[in-house]
Every structure is written in structure tokens, then in C-alpha cells.
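So the structure is just underneath, and the comments pick up after that.
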Amino acid sequence: MSVKEAKGPALEQRNLTADLDTNLKIIRELLAESNDVVIREFLIAQKTKAAILCVDGLLDKEVVQRNVLRPLIVDAAETSFVPRYRLKDYVCKNLLTAEDIKEEKDIREILNKILSGDTALLIDKEDAALIIASRGFATRSVTEPSSEAVVRGPRESFTESMRTNTSLIRRKINNPDLVFESFTLGSVTNTLVTIVYLKGIAKEDLVREVKQRIRQIEIDGIFDTGYIEQLIEEHPYSPFATTGYTEKPDVLAARILEGRVGILVDGSPNAITVPLLFIEKFQTADDYYTRPLFTSLIRIIRILSFTISVISPSLYIILVSFQHELLPTPLLVTFANAVEGTPFPAVVEVGVMMFILEIIREAGVRMPRPIGPAVGIVGSLVMGESAVSAGLIGQPLVIVIALTAITSYIVPTLYDESALLRILFYVFTSFFGIIGFVTATVLIVIHLASLQPFGVPFMSPFMPFEGEDIKDSFLRAPLWLMKRRPQVLGGKKRFGERPKSSIKGEDL
Amino acid sequence: MKRAVLFLLIVFALAGCYDRVDLNEVEIVVAMGLDVAEDGRVKATVQVLNPSPANSIVSGGEPFAKIESVADSFTEAVRKANLYSPNRLYFAHNRLVIFSEDFVNTHGTHHVIDWIMRTDDAREDTFILITSGKASDILASKFPTGSIPAFEITQIVLTNYVNSLAVVTTAFDYAKDRASQIPMTVMGRVEQIKEEDGSLIVYKGAGLIHPHQFMDYLTETETKGYNWLTGRFGTGLIVATVKGGSEKFTYEIVRNRTSLTPKLVDGQLTFVFSAEVTGRITKLESSKSLNDPFSWPEYLHAIEEGIKREVRAAVDKAKEQGDFIGLGHLVMRRLPKFWRENEAQWEQIWPEAPFVFDIKVEINGVGKLIRFL
């Protein structure tokens, strides 16, 4: 787990010795090349040799100054009595004013601690060091979420700091049953990974399975929750992601409350949640903060949008190249006019436009901010206007592609999926027309029905059908009607009856 | 896995855009007219769309084009039309087939409908019409809106329900008639009326078509009667008189429900035509208002008589030309035993069968009006 591969003979020594100089020698040898490690030697009460170890930049210097160095050097000197023996305990109990102090003997563990920002106090003639919590490094402050915009509801998002993130969740769920469990992963990076769940609400099997899978990870480094996601998912080749992610603490808290398990990684502003249901991708935080009728409308629009973004280019191919009889005659006239005189068959046109769409999107994401408008101008004017007026592509196709693009942004959580499925549909349709289209649909439905992330049917509540959970699917029932948590996550009761008004004859 | 990938690769490579025909590789047929050429052969006139690119600077001319071909038979003529067209003719959007009277008499209609029913792209719900003039002239008529004639005529056919003065027949109806005991098919009649500045298209009345022979045209009254009897009457007007023929009024039918039932009354075949008609009086020549409820029965009776007159006209026509209403088919379905016994003498039996009427007329909203303007 910790600094496993030892370098040099010094590390044959696992534990601290009782001699400060030897200890410092070993540690210096281990950290020889790092110039950010600070070793400050001094005398406690002008008598006993001692040293503090810390890493510059990771610690709050003020804490070390005020709570460690000043009491030991200045205050101790003024005290009349400082014992000769068991000095460590005395120091810990009477002198140090820091709030979190632990004892540690293992040298590697000590190194791990100081490398994560704690301070180690080594005292001569003592074979254990005192680890003083002094973490304090530069972090980004809590800001508004950038990829999950909301109209209503909390506007804070996770940061790269694990402590900040756990505190954000703790503030949402103020309950002793909320459990954070930590793992250190990455043989080189020693990254802190935390799982979070509600004891008694999350199924025990699920928690056990998540822990099991995380423990099995053997990798040199972890930099984002994306690593964990890919290492614990059971359908790596599926186009559908089977773990959810969020950057909003309220979303994570709500999912934990439903019985899911959240996973946080130090240094990543995203949390992942398992298991994921397909319908979850269409749910946003706003859905629960606004009233149910409008939310239901928006849910249906989202599902339709996803469908449109996946099938519209292939539908265009079917109508223009295969099944002309499907179009109403007046519409056919419009299409015929537009297609007349374009040099390429519809299959090629659609393929090229889909390719360009992805290029423009990728350029929009990667480009440096100052040159942003250029992409917009080139994309809209050159690709859209000019291609049509030059007679390279038909106007209806531009509309189809624009529709595809806009609808695919409505459900950002499904963007990757829709791009992949669109290509699948495109290939099948361009070769086999409507038969290929139907085949692709059947294949996708079969695939979706076979997905079982963490033993939970991905398509629940539709396949298998769960009447109670339909209330939070393409419709959202009023909160007081959704009495149970999702069946597949245990289905524990969450609401009682609807509150009644105390005013006679008034419904609340 | 390897096998699956190989399988997919082979399937996709071998299929190679199976069945793909781009929209600009087909000639979209929107109407077809059938005439007799001067030498007595079949002359097929096909109206196709002439798409003009939306971005072209030069106007592509008229939005439609005409392809004519003459051949010995209908199918040959349709095939040969491809000779004059750069692309394959595509019939899925063909809405109209217009027969000229001459064509029906010379070549018959059977094989045309057969072709429509059997060709994979032609549709069964293609409207079939008859004209006494030349079908090609009708397809060439100009419309003030400048639109494609086929579309305009289709719209005229579709709005027939407003007056119910013509019959709407599709190729499927024709085939259905042949499969039942109906000896002939009633087709809507379309005519071109030449005027000084151009021409007008009128869709009114109907033609009686025996598969290989043109029989006769139906008048407006007879057509309406036919529509009443077959339950195809939509809305329309009844002009009737009251007060011994001195006062004329117009009744506008809004809703109707009709049925024609054959019954055996003491062994005698009787047809019962029942109708429930709701409408309003839209034109009243009398200066008096209809406020007085005691004057109503007279009006109701006049309307009833008006409907009866139309129905009788159609029945009389059938007695003259043959059972185009489908009475025989009706009896076969409703009174199968009677039909089996009398099928041989049917032609003699049915003209003797009396028609009994059961018509309920309702006038809507009269009381709301104090006085007609």
C-alpha cells in the first residue's frame, strides 16, 4: 500500500530507532533528492533534541508555528518542569496545542503522512513519532457547477480536495449513518479513494461488492474518478456507461439517500455513483426542485431528444435513399427540390456532415477560449450556409444535422452514447435501409436489456417492470407519491402520508 | 468474437447499400392519364415532378413535366415511358389515374387496376377517375395557383365530401367490386371546361364502368343518391320547396348516418333505407321566420322527400344499367339463404323489390334565429 519499493539498505529498518540522529539519517536517505522536504532540528526546553519533518507547500505553516514550534521551543523553556522520561507523552499532553495528534512507529507510514501534508515530530530517545495534522494546501474554492447547470437548487460543486468534498456531503446528510470509508489506491501515487453510503439504506451486498472491487484494483496511479469507473464496471465494451457521475453534492446526496454508493477520489471534482439505471441519465437535480407536471414534460422531451439525436441522420437516409413512399407527397416535393443537383448520394452527405458535426464539437471543447468565436463562424457559416449555397448538400440535411446536434446536448449525460449509437444506426441504415434500422434498434434493445451493473437491471423500471418506480421515470410523480426508494436498490420506504392541513376542509 | 466480426464484415461488404435509390435518381410520378392514340393504341401520359434546385439561379421552369408514350398495351406503354425519362419512373406517389371514355371502351380498365394492385411501388389508394374528353388535356390544365395539376386535382377529389356531388373511388374499391357481386364500378367524373382564357377542372357526377366497357354517366342527383345508398354521403345541400312549390329553401346537411338493409317481408325482398340527417336551413325565400314550430313538419317532410328523390333516381338508374349499387352483394351477405336460392334469377328479382324509407330529419339551431337576414 505505502512506499513499497525500498531504495538503499537504510530501509531494511522498518521502525524508528530510539536514536534521533539515526532516524534522521534514514529519513534523509529516503528523501535525499526532494528539496521540498523540511527537516527542522531544535531543542525541547533547551535540553532534549528533537526535529520536525514536513513538506513545504502541503502544510499550513501557521499551524506548525503556533501549535508545535512555539510551545516546544519557547513555552517549554519557560516552564519550570519538563520530565526527562516519557517526554513524548508529556509533550503530547501538556505542550502541543494542535488538535489532532497520533503516534506512529513505522517509518514508511510516517513518510506517507508527511507527504500528504502532516507534520512529524521526532524526539530523541523516543522510538515513536508524533504525527500532527497540519494539512493546508492551495485548493480551488467551491464554485458553481460547470457541466451541470441548474435553474433552481444548490449551486455548489465538488472541488479537487477530498476533505472539502466529504464536508459538502456531510452538510447535506446530517446523519451518523452516513459512512465514509477510505482506501489508498495506486502503487505509486497513493491516492485517497473514499466510498460513501448510508448504513441501513444502501444494500449490504452492494456495499460489500463495491469495496471488494475497489480493493482488487491494482494500478500505479489514479487521477480521477474516471479511472475507478473503468476499473470497476462490468461492461467495458458497452457504449453505455454503467456508473453515474455528478459534480453536485446535492445530487450525490440524493443518490446516496436512494441507496446508492458514491465514490470520491482525492483530486477529482467528480463523484461517481453505483449502480446506475438508464433512466437516471434523464434525471437532473432540477427535476426534484421544480413541480412535477413541468418536470414530466421535460423528461419526455429529454427522452425524445435523445431518440431524435440518435436516429435522425439515419431516418433522413431512409427517407431520401430507400423508402421514398414514407414521405407525404408535398414533403417529398420539398425534399426532391433540395436533393436535386447535389453531387453526392445521401449516404455520403450524411456521413460527411456527421463527421463535421463531431469535429466542430470537439474543436469547441478543446480550443483555447480566445479563439472560440472563430469555430462558431467557420462552423455555422462555412459548413452550413456555404455548403448549401454551393450546392454540395441539401438544405433539409442541414436542418437534420442541426437538430441532431441540439438534441444531443439536451441530455449531456448521454452525449457519448448518442454519438456512438448514431454511427451504429448510420452504418446499418446506409447498408440495409429500413431493415438495417430495425436490426440496429433490436440489437440495442437486446443489449440494454442484458446490462446488469452491480447486479441491477439497467433498464429498470421498464425491463423488468416496476410499477412503483415508473413514478420517477418518463414522468415524475409528486414527491409525496413516491413513497419508496427504487425497488432495485432495496425499495425501502421514504415517505409517509401526504401532510394534512389543520385548517378544516383545506387540502394541503 | 473473431467469427462475429468476420460475419458482419462479409454481410456488410456483400450487401453494399442494398436497394438504395437516391431521391434524385427516380422520376416521381404524380398522375397518369390514359387515352387512345390516333392509331388506336394505348397512349399513356405520365406527369412527373420536375424538381428545381433551391439554390439555382436559373429558374427550372414549371415544377412538373409530361412524359407520353404510345404502345400496344398499357403495361408496355408504362415501360416505354422510361425511354423518354432519364430516371426510372417511380409510382409510389402517383395519386391519380384518369381514364378517358375512349380508352375504357377500346382497351378496358381491368389490366390497369391489376397493374396498380400488383406493382410494388404503385399504391392501392390511387384515385381512379373518368373523363369524357382526353385525359392528357386534363393533366395539362393550368391552375391559377400555378401548382402541379396532379396535386390540385387530388385536392379537388379530396374535398368532394363538401358537396357529395361526385364519387371518390380508388383502385382498391375497384378491386373490391370485382371480388364481390357488383358488376360495375362507379368512378368520379372529371371534366375540363374550356373557357376563353384557359380552362376549368370540374369534378362532378360519376361514370359507370363495366370492366371492358363504358356504360353511362350519372347525373348529380343520381350520384347523390348513390352516395346516400352506399353510405358515402358527407355533407351537402338539399334544395326543396314548401307551400305547394311556391317557396324554395335550402337545407345544409351537417351530419348523417345511413344504412341500407335488405329484409324479407312475407317472403318478399324489401330494401329498407334508413337515415338520420342533421342539418340547418341556410336559405329561406319566405319572409316569415321559422319561429313557429307548427310550420316545421312541412319543412321536414320536404327535406325527406328531397332525399327520397335522390335515392330513387339512383335506383332507377340501376334498374336501367345494372346493379352498380351493390344490392346483390348486400343480399348475399345479409340474406345468404335467399341469395343461394335466387342467385340465378337475381336480375329479374331485384327490380321488383320495393324500397322502404325510414328517414329522420332534424333541423338544428332554428330557434336561435329570430328572423333571416
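Things worth noting here:
- Some residue of region A:174-186 being part of a strand (DSSP E or B) and of a type in the set (Ser, Thr, Tyr): yes
- Filtered by the rule that a residue be within 12 Å of chain A (Cβ to nearest Cβ) and part of a strand (DSSP E or B), region B:10-33 gives B:Val26, B:Glu27, B:Ile28, B:Val29, B:Val30, B:Ala31.
- Residue in region A:79-95 that is outside any helix (DSSP H, G or I) and charged (D, E, K, R) present: yes
- The sole residue among A:Ile399, A:Ile360, A:Ile435 that is in a helix (DSSP H, G or I), away from every other protein chain (no Cβ under 14 Å) and either under 26 Å from A:Arg302 (Cβ atoms) or out of contact with any Asp or Glu (no Cβ under 8 Å at 6 or more places or on another chain) (or both) is A:Ile360.
- Candidates A:Val207, A:Val193, A:Val251 - the one that is under 24 Å from A:Gly491 (Cα atoms) and either buried (at least 21 other Cβ atoms within 10 Å of the Cβ) or of a type in the set (Asp, Glu) (or both): A:Val251
- Residue in region A:374-390 that is away from every other protein chain (no Cβ under 12 Å), crowded, with 18+ Cβ neighbours inside 10 Å and modelled with pLDDT of 90 or more present: no
- For B:Gly306: the one exception among (1) in contact (Cβ under 8 Å) with a residue 24 or more places away in the chain; (2) surrounded by fewer than 19 Cβ atoms within 10 Å (Cβ to Cβ): (2)
- In this entry, B:Asn87 passes the filter for residues that are farther than 19 Å from B:Thr154 by Cβ, surrounded by fewer than 16 Cβ atoms within 10 Å (Cβ to Cβ) and polar (S, T, N, Q).
- Count of region A:1-30 residues which are modelled with pLDDT of 80 or more, under 20 Å from A:Asp118 (Cα atoms) and assigned to a loop (DSSP other than H, G, I, E, B): 1
- Here the helices (runs of 4 or more DSSP H) wholly within region B:135-230 that include at least 2 residues being free of Cβ contacts under 8 Å to residues at least 12 places away in the same chain are B:149-158, B:171-179.
- Scanning region A:335-352 for residues that are more than 9 Å from every other protein chain (Cβ to nearest Cβ) and part of a helix (DSSP H, G or I) yields A:Val348, A:Glu349, A:Val350, A:Gly351, A:Val352.
Residue-by-condition table, conditions (1) crowded, with 16+ Cβ neighbours inside 10 Å; (2) within 13 Å of the chain's Cα centre (by Cα); (3) at pLDDT below 95:
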position	(1), (2), (3)
B:Met184	yes, no, yes
B:Leu200	no, no, yes
B:Thr230	yes, yes, yes
B:Val239	no, no, yes
B:Ser246	no, no, yes
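- Matching option when the condition is without any contact (Cβ under 8 Å) to a residue 12 or more places away in the chain, under 26 Å from B:Val26 (Cβ atoms) and not polar (S, T, N, Q), among B:Asp120, B:Asp125: B:Asp120
Rundown of residues vs (1) surrounded by fewer than 21 Cβ atoms within 10 Å (Cβ to Cβ); (2) on the phi > 0 side of the Ramachandran plot; (3) not charged (D, E, K, R), yes/no style:
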{"residue": "A:Leu277", "(1), (2), (3)": "no, no, yes"}
{"residue": "A:Lys281", "(1), (2), (3)": "yes, no, no"}
{"residue": "A:Ala285", "(1), (2), (3)": "yes, no, yes"}
{"residue": "A:Tyr288", "(1), (2), (3)": "yes, no, yes"}
{"residue": "A:Pro292", "(1), (2), (3)": "yes, no, yes"}
{"residue": "A:Ser296", "(1), (2), (3)": "yes, no, yes"}
{"residue": "A:Ile300", "(1), (2), (3)": "yes, no, yes"}
{"residue": "A:Leu304", "(1), (2), (3)": "yes, no, yes"}
{"residue": "A:Val310", "(1), (2), (3)": "no, no, yes"}
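- With respect to the conditions (1) out of contact with any Asp or Glu (no Cβ under 9 Å at 6 or more places or on another chain); (2) within 14 Å of chain B (Cβ to nearest Cβ), A:Ser312 falls short on a single one, namely (2).
The values are calculated or read from the model by the stated rules, or taken from the named source; none is laboratory data. The model shown is predicted, which means the values in this text are computed figures rather than measured ones. In this analysis, Cβ positions are derived from the backbone assuming ideal geometry, glycine residues included, and neighbour counts consider all displayed protein chains.
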